[in-house]
1. Of the residues B:I258, B:I282, which single one is surrounded by 22 or more Cβ atoms within 10 Å (Cβ to Cβ), within 13 Å of chain A (Cβ to nearest Cβ), in contact (Cβ under 8 Å) with a residue 12 or more places away in the chain and under 19 Å from B:G196 (Cβ atoms)?
2. For segment A:61-90, how many residues meet the condition of being assigned to a helix (DSSP H, G or I), over 14 Å from A:E292 (Cα atoms) and either in contact with a helix residue (DSSP H, G or I) (Cβ under 9 Å, 6 or more places away or on another chain) or among the charged types (D, E, K, R) (or both)?
3. Quick check on A:L140: is it touching a residue at least 12 places away in the same chain (Cβ under 8 Å), surrounded by fewer than 16 Cβ atoms within 10 Å (Cβ to Cβ), not in a loop (DSSP other than H, G, I, E, B) and not charged (D, E, K, R)?
4. For segment B:109-119, name all the residues that are in a loop (DSSP other than H, G, I, E, B) and of a type outside the set (A, V, I, L, M, F, W, C).
5. May I ask you to verify whether A:I166 is at pLDDT below 80, closer than 19 Å to B:A301 by Cβ and not small (G, A, S)?
6. Would it be correct to say that A:A130 is within 22 Å of A:I298 (Cβ to Cβ) and in a helix (DSSP H, G or I)?
7. Write out, first by first residue and then by second, each pair whose Cβ atoms fall under 7 Å of each other, whose residues are 6+ apart or on separate chains, and whose first residue, in segment A:182-197, is modelled with pLDDT of 80 or more and assigned to a helix (DSSP H, G or I) while the second is surrounded by 16 or more Cβ atoms within 10 Å (Cβ to Cβ) and among the acidic types (D, E).
Amino acid sequence: MQHRKEGTELSQYASKRLGLALVTLVLLSLIIFYAGQVLPGNPGRAILGNLASQQAVAALNHKLGVDRPLLTQYWSWVSGIVRGNLGTSYQYQAPVSSFLFPALGRSLKLAAVAFVIVVPLSILGGVIAALNRGRVVDRLISTTSLSLSTVPEFVSGIVLIVVFAIVLKWLPVTASAPDGSPLFTQLRYLILPAIPLVLILFGYIARMARTGTIEALDSDYVRTATLKGLPRRVVIRRHVLRNSLLPTITVIATQTGYLIGGLFVVENLFVYPGIGRLILTAANDKDFPMLEAGVLVIGVVYLAATLVADLLYTVLNPRIRLGKAE
Amino acid sequence: MNAGEESLGSVSGASGISPEGPDAPGLAPGLGTLATAGGAGGALDVSVGRIRREQLRLLLHSKAFIVGALIVLWWVVCAVFGPLLAPYGATSPNILSGNLAPSSAHWFGTNAIGEDVLSRVIVGARDILEIAPLATLLGTALGTTIGLAQGYLRGAVDMVVGRIVDAALALPTVIVAFLFVVAVGAKTITLVVVIGFVFSLIIARTVRTAVLQERELDYLAAARLRNESVLHVMFVEILPNVLGPILVEFTVRLGYAIFTIATLSFLGFGVQLPTPDWGADIANNSGLLAAGYWWETLFPALAIASLIIAINLIGDSIEAVLIQ
């Protein structure tokens, strides 16, 4: 009955969802501005230290523009960002973007390595668990993966370094290959830092794949396919997997956002010059423009990933789409 | 129908679906194992007391619960009696015996300035076991209140709070906490408030969903007919019926509080030196890993892992019992 309007419904949902994301983005910028520019109080004092004279602090504050009214500061920050100007680093006296984007690029490279490892592995794990539902294999996969996904990345990272880099000496301790290394060497350096991220993501994606597969296994169309005499292998490949992976795709998209957060810790453990390392350095230097821009970029990546995940899910799953229509 | 399934997603932001209404589809149906069972259903012919006793009996028969409880108990003992249990002073450096490998004298070895790693691991339990439960309690109390108000009052309150929750959860918890701790300085009270506040938003989501399920039940209609005050309905009528999911959420959050605090310490914005702290000890000694001094980081790392996994074992067992 609702077929005639499907296209418009979808675009309506998409624009509504996009609008909500924008509202969220504005609120997010307010939170970051508050934490980065209002809470620290006196950036001049923070940068110059307790011994600096009052005049020097006031002069620096004036130069940084932090003695203006808060609303003016927020507005100039936000309007700058909209025009592509992320601000000027206190520490380096240079545009934040010239540090931020190269670092983001390196982070995405690390994230990509983690993704390439985790996606096939966790889907396989989830499907195997589902096909052996309730048996030892299932319990083993579910319990181990869930336990691992709750351990902080730097904890599993330490264990991995000890085992693979120190005891077995298979992989290097740091994440950055020497300059000018061929791509393969660079990737080899990224494997160990990627694994803590893999361990965390594995639990979520595998659980999703498991639930999806079990739902598909219990469905009428799979029973029909089995009853009409198709071999189990064909039923699983053609009927079960195709449907079970649908929700999994969206979880994977959403986890992109998480991944950026996980990088924050991993990069600092492995001393990898990505965006996480940049933010921590900025925090230690009290370089608030750099800190704010870095956190905002992570927030934007996170929001964009969630948005894509939601839209993808709606496009792929007509039931949700129709259920959503009011 | 699908309510209650956003709960797990919030852990790492897996659910970006905004709270549009009771039927808002969870992004990932089936993702939530924290199903909000254990409400009023089934309480008709059996007395509540008997159910509670039966649940306790099941819990005590669960191996996962016993193992988890024993590990947590061990760390609690360390946190309380740490300095008495530790073989050496946790903050007494001895330059002459730095970087000693594990031996019968120093089971976990010594660090660069000659402090006994075992003693630091034992005493280091205190801070994290103080801050994490406090932060989680604050988050649960605040989150329950927000969630009750959102779920019961609906309307504008729900909309506005929902948007703020979404915005705050658009960043990983660790990063939000980090941002605020950097801004106001790392003190125990800051850590408790910041983590408690971020968690309250996540807990509010779960509670709201649970309340929406209760909203249309007869006992609430009856309470409304009796003209009970809003606060009475929220805290006396609804709250006892959504305690199950809140308890589960509390244990899950406790695990993540430890995760977050340890991570902040590791980043240098948690408990300050020379107080022994697992995360900080890892950060300070990880530079020596390449030189082969692995014991200085590995043992605090295992301590964090064991505590978090133990709390999750407890949480999973409680959840399993409540669903039955």
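1. Details: B:I282 fails: under 19 Å from B:G196 (Cβ atoms).
Answer to the check: B:I258.
2. 5
3. Against the criterion (touching a residue at least 12 places away in the same chain (Cβ under 8 Å), surrounded by fewer than 16 Cβ atoms within 10 Å (Cβ to Cβ), not in a loop (DSSP other than H, G, I, E, B) and not charged (D, E, K, R)), A:L140 does not qualify.
4. Of everything in segment B:109-119, those that are in a loop (DSSP other than H, G, I, E, B) and of a type outside the set (A, V, I, L, M, F, W, C) turn out to be B:G109, B:N111, B:G114, B:E115.
5. Numbers: at pLDDT below 80: yes; closer than 19 Å to B:A301 by Cβ: yes; not small (G, A, S): yes.
Against the criterion (at pLDDT below 80, closer than 19 Å to B:A301 by Cβ and not small (G, A, S)), A:I166 qualifies.
6. It is false that A:A130 is within 22 Å of A:I298 (Cβ to Cβ) and in a helix (DSSP H, G or I).
7. The qualifying pairs are A:P196/A:E153; A:L197/A:E153.
Matching residues to (1) in a loop (DSSP other than H, G, I, E, B); (2) farther than 30 Å from A:P247 by Cβ; (3) modelled with pLDDT of 50 or more; (4) hydroxyl-bearing (S, T, Y):
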{"residue": "B:L31", "(1), (2), (3), (4)": "yes, no, no, no"}
{"residue": "B:G39", "(1), (2), (3), (4)": "yes, no, no, no"}
{"residue": "B:A43", "(1), (2), (3), (4)": "yes, yes, no, no"}
{"residue": "B:E54", "(1), (2), (3), (4)": "no, yes, yes, no"}
{"residue": "B:L59", "(1), (2), (3), (4)": "no, yes, yes, no"}
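The values are calculated or read from the model by the stated rules, or taken from the named source; none is laboratory data. Since we're looking at a predicted model, the values are computed, not measured. Cβ sites come from the backbone with ideal geometry, for glycine too, and all protein chains shown count toward neighbours.
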